[in-house]
1. So which residues in segment 27-44 are open to solvent by less than 70 Å² (accessible area, probe 1.4 Å) and of a type in the set (Val, Ile, Thr), if there are any at all?
2. Do we have Phe65 as open to solvent by 50 Å² or more (accessible area, probe 1.4 Å), closer than 24 Å to Lys140 by Cβ, in a strand (DSSP E or B) and among the aromatic types (Phe, Trp, Tyr) here?
3. Based on what the data block shows, is Ser105 modelled with pLDDT under 90, closer than 26 Å to Ile52 by Cβ, open to solvent by 50 Å² or more (accessible area, probe 1.4 Å) and hydroxyl-bearing (Ser, Thr, Tyr)?
4. Taking the residues in segment 113-135 that are at pLDDT 95 or above and farther than 19 Å from Thr83 by Cα as candidates, determine which candidate is most open to solvent (accessible area, probe 1.4 Å).
5. Any idea which of Val55, Val89 is at pLDDT below 95, of a type outside the set (D, E, K, R), assigned to a strand (DSSP E or B) and open to solvent by less than 50 Å² (accessible area, probe 1.4 Å)?
6. For Glu110, only one of the following conditions fails: (1) more than 18 Å from Leu49 (Cβ to Cβ); (2) open to solvent by 30 Å² or more (accessible area, probe 1.4 Å). What is its number?
7. Return a yes/no flag: does segment 115-128 have any residue that is within 17 Å of the chain's Cα centre (by Cα) and within 30 Å of Trp26 (Cα to Cα).
8. Inspect all residues belonging to segment 14-26 and state whether any of them is of a type in the set (S, T, N, Q), out of contact with any helix residue (DSSP H, G or I) (no Cβ under 9 Å at 6 or more places or on another chain) and open to solvent by 50 Å² or more (accessible area, probe 1.4 Å).
Amino acid sequence: RLRVNWQRGGHQSGGFIAPTRRLDHWTLVNRIDYTWFFDKFSIQPKLKLQMIRFVDQAQDQTLRFEYELIPILLLSRPLAPRTTARLGVQGWGPVPYRFADKQRSLDSFERRTLIATITNESSYFGYKLYTIVGAIRDQKRFDSTARKISNFDTFSFFVRALVGFPDHANLLL
């Protein structure tokens, strides 16, 4: 998507004079995925690329330029007719989740996340009730040593309950 903003400029209230300029806002989102089924077991590798670029053409200056490269692997297996176990990995081995900020390199980082869940689906007064129990391991490392204090490595357990219509099942992990 390209959004172009032509600003006419001129005299503003309070005596301020706004410059005439053109701002270009580029956004790009690409995703590729495929699912393999082996009996009841499924494997779904995914790759997502997101980019944002904001350029002031009049000053030939890039105001914002960042991208994210997100590799994901999702494993899923039904345990019972209404219960499913899932394992998700976002960023693994030599291919981490990568966020790069070309304007502020201090904000660039790599991240690796592992999540395991068990989801149970049931009916509740005509709605679908999803109960999710799981654990997450999340690790984030900034490129800059100045941001080393912002690095983290966490492990947590969670229980979630979602109530919705049947088509909301696609929102789960």
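The values are calculated or read from the model by the stated rules, or taken from the named source; none is laboratory data. Everything numeric here is computed off the predicted structure, so don't read it as measured data. Neighbour counts run over all protein chains shown; Cβ positions are idealised from the backbone, glycine included. Remember, those area values only see protein heavy atoms, side chains included, never the ligands or the DNA or RNA. Shrake-Rupley method; radii C 1.70, N 1.55, O 1.52, S 1.80 Å.
1. Matches in segment 27-44: Thr27, Thr35, Ile43.
2. On the way: open to solvent by 50 Å² or more (accessible area, probe 1.4 Å): yes; closer than 24 Å to Lys140 by Cβ: yes; in a strand (DSSP E or B): yes; among the aromatic types (Phe, Trp, Tyr): yes.
Judged against the criteria, Phe65 is a match.
3. Details: modelled with pLDDT under 90: yes; closer than 26 Å to Ile52 by Cβ: yes; open to solvent by 50 Å² or more (accessible area, probe 1.4 Å): yes; hydroxyl-bearing (Ser, Thr, Tyr): yes.
Yes.
4. Within segment 113-135, the match that is most open to solvent (accessible area, probe 1.4 Å) is Leu114.
5. On the way: Val89 fails: at pLDDT below 95.
Just a single option satisfies the conditions, and that option is Val55.
6. Checking Glu110 against (1) more than 18 Å from Leu49 (Cβ to Cβ); (2) open to solvent by 30 Å² or more (accessible area, probe 1.4 Å), the one that fails is (1).
7. No: segment 115-128 contains no residue that is within 17 Å of the chain's Cα centre (by Cα) and within 30 Å of Trp26 (Cα to Cα).
8. Initial filter on segment 14-26 (of a type in the set (S, T, N, Q)): 20.
With out of contact with any helix residue (DSSP H, G or I) (no Cβ under 9 Å at 6 or more places or on another chain) added as a condition, the list becomes 20.
Checking which are open to solvent by 50 Å² or more (accessible area, probe 1.4 Å) leaves us with 20.
Scanning segment 14-26 turns up at least one residue that is of a type in the set (S, T, N, Q), out of contact with any helix residue (DSSP H, G or I) (no Cβ under 9 Å at 6 or more places or on another chain) and open to solvent by 50 Å² or more (accessible area, probe 1.4 Å).
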